[in-house]
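*Asks:* Before I ask anything, let me first share the structure, which is written out below as C-alpha cells.
The values are calculated or read from the model by the stated rules, or taken from the named source; none is laboratory data. All figures in this text were calculated on a predicted structure; none of them were measured in a lab. FYI the Cβ positions are ideal-geometry reconstructions off the backbone, even for glycines, and counts take in every protein chain you see. The protein model used for the area step is the full one, side chains on, heavy atoms only, and it has no ligands, DNA or RNA in it. Shrake-Rupley method; radii C 1.70, N 1.55, O 1.52, S 1.80 Å.
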Amino acid sequence: MMFSWTRLANPLKMSCQLVTHFSTAPPPNAKFWTKLFGKYLLLTNTIGSGLLLAIGDAIAQQYERFGEKKAFDYSRSGCMMITGSVIGPIQHGFYLLLDGVLPGTSGWGVLHKILVDQLIMSPIYIFLFFYVSSLLGGKSFVECNSELSEKFLYTWMLDCCFWPGLQYLNFRFLNSLYRVVFVNVANCVYVVLLSHIKYGVSNHDP
C-alpha cells in the first residue's frame, strides 16, 4: 500500500509542477516589452510622443475637413510628429524626476504631483508645442510670440480642465515606466483640441 501511494502521488506532484511552470512562464514577447519599457524607455517615449501627436493632428484634420473639399496637410502632421519627438524626452525626464522627488501613490502625494504637473510641465508643454510647430511651419520668432501670447492662457485653462483627472489615474495606479505612454495616448484626444486652437481658433494668418 505504501508503494502504491507513492506511485500515485508522484504523477500528481509532477502535474502540479507543470501547471505551476506554465502558469508563471513569461510570454514569448516578454523580453521585447521589457526592453521597450526598460532599456529603451527614452526611445520609446520619444518615438511614441511623435507618432501619437501626428495621429492626433490627423484626427483633427479629418474633423476640419468634414464637409469641405480640403486636401490633407501632410507637412502639418509631419511638423506635429517632430514637435512630439522634441517634447517626448522632456516629458520622460520630467516624470522620472517627479516620481523621484515625490514618490508614492497616496492621495496627497498624487495631488502634489498633479499640482506640480499643471504648474510646471503643462506650461512647458504648451510653450514647446506652439513654438516648435510654428517654427517648423516657417513662422518667425515674432509671430511665435504673438501666437503664444494670444492663445497661451486659453490653452492652459483647457489643459487644467482636461488633464488633472487623467493624471490622477496616471499617478495613482500606473507604474512610472508608463507615465509618458499614458500621457501620449491621452494626447491623441487632447491634440485634436490643441490643433483646433492652433489652426482654427483666432487664426489671423494670411
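*Asks:* One residue is enough: does segment 82-93 have a residue meeting the conditions surrounded by 13 or more Cβ atoms within 10 Å (Cβ to Cβ) and touching an Asp or Glu at 6+ places or on another chain (Cβ under 8 Å)?
*Replies:* No, because not a single residue in segment 82-93 is surrounded by 13 or more Cβ atoms within 10 Å (Cβ to Cβ) and touching an Asp or Glu at 6+ places or on another chain (Cβ under 8 Å).
*Asks:* Residue pairs, Cβ under 6 Å, 6 or more apart or interchain, first in segment 159-188 and closer than 17 Å to residue 100 by Cβ and among the β-branched types (Val, Ile, Thr), second part of a helix (DSSP H, G or I) and open to solvent by 20 Å² or more (accessible area, probe 1.4 Å). List them.
*Replies:* Pairs that qualify, where the first residue is closer than 17 Å to residue 100 by Cβ and among the β-branched types (Val, Ile, Thr) and the partner is part of a helix (DSSP H, G or I) and open to solvent by 20 Å² or more (accessible area, probe 1.4 Å), are 180/92.
*Asks:* Could you identify the single residue in 102, 193, 166 that is touching a His at 6+ places or on another chain (Cβ under 6 Å) and open to solvent by 20 Å² or more (accessible area, probe 1.4 Å)? Can you show your working first?
*Replies:* Numbers: 193 fails: touching a His at 6+ places or on another chain (Cβ under 6 Å); 166 fails: touching a His at 6+ places or on another chain (Cβ under 6 Å).
Answer to the selection: 102.
*Asks:* So, residue 141, is that one under 15 Å from residue 195 (Cα atoms) and open to solvent by 20 Å² or more (accessible area, probe 1.4 Å) or not? Outline the logic, then answer.
*Replies:* On the way: under 15 Å from residue 195 (Cα atoms): no; open to solvent by 20 Å² or more (accessible area, probe 1.4 Å): yes.
No, not satisfied.
*Asks:* In this structure, is residue 146 out of contact with any Ser or Thr (no Cβ under 8 Å at 6 or more places or on another chain), of a type in the set (Ser, Thr, Tyr), at pLDDT 90 or above and open to solvent by 10 Å² or more (accessible area, probe 1.4 Å)? Give the steps one after another, and end with the answer.
*Replies:* Values: out of contact with any Ser or Thr (no Cβ under 8 Å at 6 or more places or on another chain): yes; of a type in the set (Ser, Thr, Tyr): yes; at pLDDT 90 or above: yes; open to solvent by 10 Å² or more (accessible area, probe 1.4 Å): yes.
Judged against the criteria, residue 146 is a match.
*Asks:* Could I ask something else about it? In this structure, does residue 135 turn out to be within 18 Å of residue 54 (Cβ to Cβ), free of Cβ contacts under 8 Å to residues at least 24 places away in the same chain and surrounded by 15 or more Cβ atoms within 10 Å (Cβ to Cβ)?
*Replies:* Working: within 18 Å of residue 54 (Cβ to Cβ): yes; free of Cβ contacts under 8 Å to residues at least 24 places away in the same chain: yes; surrounded by 15 or more Cβ atoms within 10 Å (Cβ to Cβ): yes.
So residue 135 fits the description; yes.
*Asks:* Here are some residues: 43, 36. Which one is hydrophobic (A, V, I, L, M, F, W, C), at pLDDT 80 or above and surrounded by 11 or more Cβ atoms within 10 Å (Cβ to Cβ)?
*Replies:* Working: 36 fails: at pLDDT 80 or above.
Result of the check over 43, 36: 43.
*Asks:* Return yes when residue 101 is at pLDDT 90 or above, over 22 Å from residue 193 (Cβ atoms), over 20 Å from the mean Cα position of the chain (by Cα) and not charged (D, E, K, R) and no when it is not.
*Replies:* Details: at pLDDT 90 or above: yes; over 22 Å from residue 193 (Cβ atoms): yes; over 20 Å from the mean Cα position of the chain (by Cα): yes; not charged (D, E, K, R): yes.
Considered against the rule, which asks whether it is at pLDDT 90 or above, over 22 Å from residue 193 (Cβ atoms), over 20 Å from the mean Cα position of the chain (by Cα) and not charged (D, E, K, R), residue 101 comes out as yes.
*Asks:* From the list 56, 93, exactly one residue is within 18 Å of the chain's Cα centre (by Cα) and closer than 18 Å to residue 185 by Cβ. Which is it? Give the steps one after another, and end with the answer.
*Replies:* On the way: 93 fails: closer than 18 Å to residue 185 by Cβ.
Unique residue meeting the criteria: 56.
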